[in-house]
Amino acid sequence: MSDTAPDLSLLQPGQLIARGTCRLLASHDFWCLEEFVPTRGLRMDVMAIGPKGELWCVECKSSRADYAADSKWQGYLEYCDRFFWAVGPEFPVELLPEESGLILADAWGGEIVRMPEESKLAGARRKSTTLKFARDTARRLTVMRDPTGPVGIG
């Protein structure tokens, strides 16, 4: 792993919000994977796993247009115990459903403003989602360590 700071100018606004969200969640002992695909056709901005196996999904939105263009977020609910929106400080939060969680974030961190109610996953769904999260994470770490490694990874 590199000890150099990332060049944040290369990241899109939503990626900066995701970065800060991951930093915030790490401070609560939740570890994140960005752009997690729980099943074909869905891509979560951030999936986090907590110390007791809790699964939290966070969708990062940088603007009203970004939010309006998202038609798949309700499909994420069946893959997490809690669902959050993460937005920047200028985002019009009144657009967001009140039953969802709310995180205000920038590239450096964030704050959980509203905690959503927990909707516990069924055991079989939790197991399959957790296993996919673990395998995807391990694959990404392997590719980072050895990008020209075995065929079939990456």
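Observations
- Cysteines (scope the chain) whose Cβ has no counterpart Cys Cβ under 4.7 Å: 60
- Prolate/oblate/rounded call for the chain, Cα gyration tensor, a/c under 1.5 rounded: oblate
- Exposed-loop-free span, longest in the chain, where GluC sites (Glu not before Pro) count as exposed if DSSP calls them loop and at most 15 other C-beta atoms lie within 10 Å: 1-89
- Taking 0.36 nm per residue of separation and subtracting the current Cα-Cα distance, fully stretching the chain between residue 137 and residue 40 would add 33.2 nm.
- Taking 0.36 nm per residue of sequence separation and removing the Cα-Cα distance, the residue 72/residue 8 pair yields an extension gain of 20.3 nm.
- Where a label projected 7 Å from the Cα of residue 27 along Cα→Cβ would reach, residues of region 77-102 with amide N under 17 Å: 86-89, 102
- Ratio of the Cα radius of gyration of region 47-128 to 2.2 N^0.38 Å, where N counts its residues: 1.11
- Sparsely packed trypsin sites (Lys or Arg not before Pro) within region 66-115, loop by DSSP, other Cβ within 10 Å at most 10: none
Values in this text are rule-based calculations from the coordinates and carry no lab data. In this text, all values refer to a predicted model and were calculated from it rather than measured experimentally. Cβ: placed from backbone, ideal geometry, glycine included. Neighbour counts: every protein chain shown.
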